[in-house]
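Let me begin by presenting the structure, written as structure tokens, before commenting on it.
The values are calculated or read from the model by the stated rules, or taken from the named source; none is laboratory data. These numbers were taken from a predicted model, which means no experiment stands behind them. In this analysis, Cβ positions are derived from the backbone assuming ideal geometry, glycine residues included, and neighbour counts consider all displayed protein chains. Keep in mind that these areas ignore ligands, DNA and RNA; they rest on the heavy atoms of the full protein, side chains included. Shrake-Rupley method; radii C 1.70, N 1.55, O 1.52, S 1.80 Å.
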Amino acid sequence: MPLRISVYCSSSPTIDKKYQELAFELGEAIGARSWNLVSGGGHISMMGAVARGVRKSGGHTIGVIPQLLVDIEFADKDSHELQVVGSMRERKGRIEELGDAFIALPGGLGTLEELFEIWVGRFLNFHQKPVVVLDPFGLYDPLKTLIDHLEVEGFVKPGQRELLHWCTTIDQALDICGGR
């Protein structure tokens, strides 16, 4: 069975196009490896771009989206599978359940929430799946510095930081995902 890569990313239409291009290129690379995408099921910005990239290169897309977002026409209707759930909490749980590995691309509060939740779940052994931050533009550099500082101050436990893989290239990120 092909790997299913869950991708967390921005759905904001106001971000620089370079982030959408990154998402599309990641999608193409996922599809080129004959892997599947699990996403938040939206069609705009980075979320839509990664799915379009996967489909362009022949991959399979699974979107998980709350009914409320379907109702405001946010859904990626081209998705091979579109699973409609009742809430954001259900969405996150389903994405975690379906994914074999997780990649966080640049994003805002929602992306950070998803990243932290899946990383904590990995540390607590709720899953053994790779968690990757793909950040070729250095957007998360201040976050990395904060995490290092939190570790120095004793708020991030020894071994916790090492469970989060930081990458600057798509190939690095996918190699980590495939090497579990």
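Take the Cα of LYS56, step 7 Å toward its Cβ, do the same at GLU97, and the gap between the two points is 3.2 nm. Taken along its principal axes, the alpha carbon cloud of the range 1-69 reaches lengths of 35, 29, 16 Å, longest axis first. Partners of LYS92 within straight-line reach, counting lysines whose Cα lies under 19 Å from its Cα and excluding those fewer than 8 residues away in the same chain: LYS129.
Extension gain, LEU112-ILE72: 0.36 nm per intervening residue step, less the Cα-Cα distance, totals 12.1 nm. As a ratio to 2.2 N^0.38 Å, the alpha-carbon radius of gyration computed for the range 73-180 takes the value 1.14. Under 19 Å from a label point set 7 Å out along the Cα-to-Cβ vector of LYS157, the amide N atoms of the range 102-124 belong to 115-124. Average projection, convex hull of the Cα set of the chain: 9.7 square nanometres. With a Förster radius of 22 Å applied to the C-beta separation of HIS127 and SER34, the computed FRET efficiency comes to 0.45.
In the chain, helices alone account for a calculated mean residue ellipticity at 222 nm of -13500 deg cm²/dmol, with every DSSP H run of four or more residues adding -39,500 (n - 2.57).
Normalised per residue, the accessible area of the chain is 49 Å², obtained with a 1.4 Å probe and no contribution from ligands, DNA or RNA.
If r is the Cβ-Cβ distance from HIS80 to ASP148 and R0 is 35 Å, what FRET efficiency results, to the nearest 0.05? Taking R0 as 35 Å, the efficiency between HIS80 and ASP148 is 0.30.
The equivalent ellipsoid that matches the C-alpha gyration tensor of the range 49-99 spans semi-axes of 19, 14, 7 angstrom, in descending order.
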